[in-house]
Amino acid sequence: MDAIARVETFPLRIPFRPANGSSTAPRPPVDSLLVKITTGDGVAGWGEAFGFEAAPMTRWSVEELIAPLCLGRDAARIGPLMREIQQKLQVFGRGGTVMHALSAVDTALWDIAGRAAGVPLHRLLGGGAPDLPCYASLDPLGAEPLVRAGVRAALDAGFRAVKLHERAPSVVRAARSEAGDTTTLMLDVNCAWTLAQARQAAADMAGVGLRWLEEPVWPPENFAGLAALRAGCGIPIAAGENAATLLDFGRLMDAGAVDVLQPSPAKMGGVTELRQVFPVAAVRNVAVLPHTFYHGPGLLAAIHVTAALGTADAMIEWRYSDLEALPYGEAVVPAAGRIAVPNGPGLGADPDPGVLGRYLSD
């Protein structure tokens, strides 16, 4: 395989569709950052960095810190290159913006590896299922009527598992009432509570039947607090979105803090790190269900790696919201609560040029 010749960034800003007849204030658009790497012989691959409001800083990290270390290097030697860059940039922290940026570069190189070999990424990793179940991950909606409507829309679209981003126990109970007893229901509170508050909230939601309670404790690295909550609250605990690198995930599991591990390929080092988490978790009997609250190459990376290495209870997180467009257009969408594992080379799809052209933010 040829050397890395070009590293390009594509910051996207995609708004939500206007709510017909709603008095709800407009929501700000969603920022994301895609990265394209091209080799000297013209093979191109795509990656994604977790962006949102930090997308400009992540873009700077790609262009000013990481790209100069990549240009001219062998695109096939992903592991050694990623280790070298991590070592050189470790003074900027082992998580956060720089690691998010490196995640995109790593995923793009794996996309190139699959394209050069002429096989999908999951084949490079050993094969896998043709499709995977999805759960609908709702945006934070707040008011009970909006949450009920969101749950109903997801069920009508064919999903049989729904994740909420809410904090009020009354709203969670209303969602369960709308969903019925046969729907799998999860709750993510994004590190909202102290340990005492989390214990009280779990008690208030007893009987709701949550599949898991996600990131209930602040700060996210309070693994001992998560373990203490898990030991007594009666609800399975999920976490890992804010962890980075294999060592962080090992510490999280060794603390006895989680039932469900949630590495985010757009945050934690890309495919190189993600593929190592699955076997490490398997020997500890911890389920791995990647965090993918985004729709670009990071989502496809999670689909491929999960298809190859995931267990029978694996699911893919699908951000179920009313965004005006998606990076892959209609090429990557679930049907009846399942998503196909792409069979094209590498990640198996290219971002829609029309979407890139219309929503490029600079």
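A compact table of results
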| read-out | value |
| --- | --- |
| Portion, in percent, of the accessible area of the range 1-113 that falls on carbon or sulfur, probe 1.4 Å | 54 |
| Relative contact order %, the range 160-290, counting alpha carbon pairs below 8 Å whose residues are six or more apart | 18 |
| Local electrostatic count at Pro351 - Lys and Arg +1, Asp and Glu -1, tallied over other residues with Cβ under 13 Å | -4 |
| With all protein chains modelled, accessible area of Cys191 [1.4 Å, Å²] | 20 |
| Within straight-line cross-link reach of Lys36, lysines at Cα separation under 26 Å, skipping those fewer than 8 residues along the same chain | Lys88, Lys267 |
| Convex hull per residue volume in Å³, alpha carbons only, for the range 127-250 | 123 |
| Rg/Rg_globular for the range 272-345, with Rg_globular taken as 2.2 N^0.38 Å and Rg from C-alpha atoms | 1.15 |
| Per-residue [θ]222 nm for the chain (sum of -39500 (n - 2.57) over DSSP H runs n ≥ 4, rounded to 500) | -11000 deg cm²/dmol |
| Over the range 1-83, relative contact order from alpha-carbon pairs under 8 Å, at least 6 apart, % | 37 |
| For Arg338, net neighbour charge (Lys/Arg +1, Asp/Glu -1) across residues whose Cβ lies under 15 Å away | -2 |
| Value of D in µm² per second that Stokes-Einstein yields for the range 115-168, Kirkwood Rh from Cα pairs, at 37 °C (0.692 mPa s) | 239 |
| Carbon + sulfur, % of accessible area of the range 218-362 - ligands and nucleic acids excluded, 1.4 Å | 53 |
| Accessible area, probe 1.4 Å, largest first, for residues Glu166, Glu221 | Glu221, Glu166 |
| The chain: relative contact order as a whole-number percent, Cα under 8 Å and 6+ apart | 21 |
| Alpha-carbon centroid distance for the pair the range 241-295 / the range 107-184, whole angstrom | 17 |
| Helix axis angle, 297-309 relative to the chain longest principal axis, alpha carbon, degrees | 80 |
| Neighbour net charge for Arg6 - beta-carbon separation under 14 angstrom, K R +1, D E -1 | -2 |
| Along principal axes, Cα extents of the chain, largest first, whole Å | 58, 48, 36 |
| Shape call, the range 62-126: gyration tensor on alpha carbons, a/c limit 1.5 | prolate |
| Accessible surface, the range 35-180, averaged per residue in Å² (probe 1.4 Å) | 40 |
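The values are calculated or read from the model by the stated rules, or taken from the named source; none is laboratory data. If you're wondering where the values come from, they're calculated on a predicted model, not measured in any experiment. Neighbour counts are summed over all protein chains in view; Cβ atoms, including those assigned to glycine, are modelled from backbone coordinates with ideal geometry. Areas reflect the complete protein model, heavy atoms only, side chains present, ligands, DNA and RNA absent. Shrake-Rupley method; radii C 1.70, N 1.55, O 1.52, S 1.80 Å.
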